[in-house]
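First comes the structure, then the notes that go with it.
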Amino acid sequence: QVQLVESGGGLVQPGGSLRLSCAVSGSIFSINVMGWYRQAPGNQRELVASIIGGGVENYLDSVKGRFTISRDNAKNTVFLRMNSLNTDDTAVYYCNVWRSGVSYWGQGTQVTVAS
């Protein structure tokens, strides 16, 4: 089993920044993909950023240049640095990992961008 615990969400003004963290515990061997998704009310969950294997990064077009995904293997943690936030980024953000063909999710952390 793999357990994911997100933190770092909150209320931020437009143009502000946040850093989300996802602590991964349990059996972390053979985790292939780590990523962040988000879901706004009335919308489908969408992939925001992912980091695959040795470090290949992928981003949703609307966050390219503003968000950065990273991982600290020593601490079993994946981060999402979010800069220049706007109201369209308001959503619940979920951490996700794939291990041996099984997908695991965190409980989500709310990010609200408002003035």
Does at least one position in segment 81-89 carry a residue that is under 14 Å from the mean Cα position of the chain (by Cα) and among the hydrophobic types (A, V, I, L, M, F, W, C)? yes
Among the residues of segment 8-38, which ones are open to solvent by 60 Å² or more (accessible area, probe 1.4 Å) and closer than 21 Å to residue 114 by Cβ? 11, 13, 14, 19
What are the pairs with Cβ atoms under 7 angstrom where one residue, in segment 98-112, is modelled with pLDDT under 95 and the other, located anywhere, is loosely packed, with under 11 Cβ neighbours inside 10 Å? Sequence gap at least six, or different chains. 99/30; 100/30
Filtered residues of segment 87-102 (kept if out of contact with any Gly (no Cβ under 8 Å at 6 or more places or on another chain), over 23 Å from residue 42 (Cα atoms) and open to solvent by less than 70 Å² (accessible area, probe 1.4 Å)): 99, 101, 102
Can you tell me which of 84, 70, 62 is open to solvent by 30 Å² or more (accessible area, probe 1.4 Å), among the small types (Gly, Ala, Ser), touching a residue at least 12 places away in the same chain (Cβ under 8 Å) and part of a strand (DSSP E or B)? 70
Taking residue 57 and the conditions (1) closer than 17 Å to residue 93 by Cα; (2) under 13 Å from the mean Cα position of the chain (by Cα); (3) open to solvent by 70 Å² or more (accessible area, probe 1.4 Å), which numbered condition does it fall short on, given that it satisfies the others? (1)
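The values are calculated or read from the model by the stated rules, or taken from the named source; none is laboratory data. Everything quoted here is computed from the prediction, not taken from an experiment. Positions of Cβ are generated from backbone atoms using ideal geometry, with glycine treated the same way; all protein chains shown enter the neighbour counts. These accessible areas exclude ligands, DNA and RNA; they are computed on the full protein's heavy atoms, side chains included. Shrake-Rupley method; radii C 1.70, N 1.55, O 1.52, S 1.80 Å.
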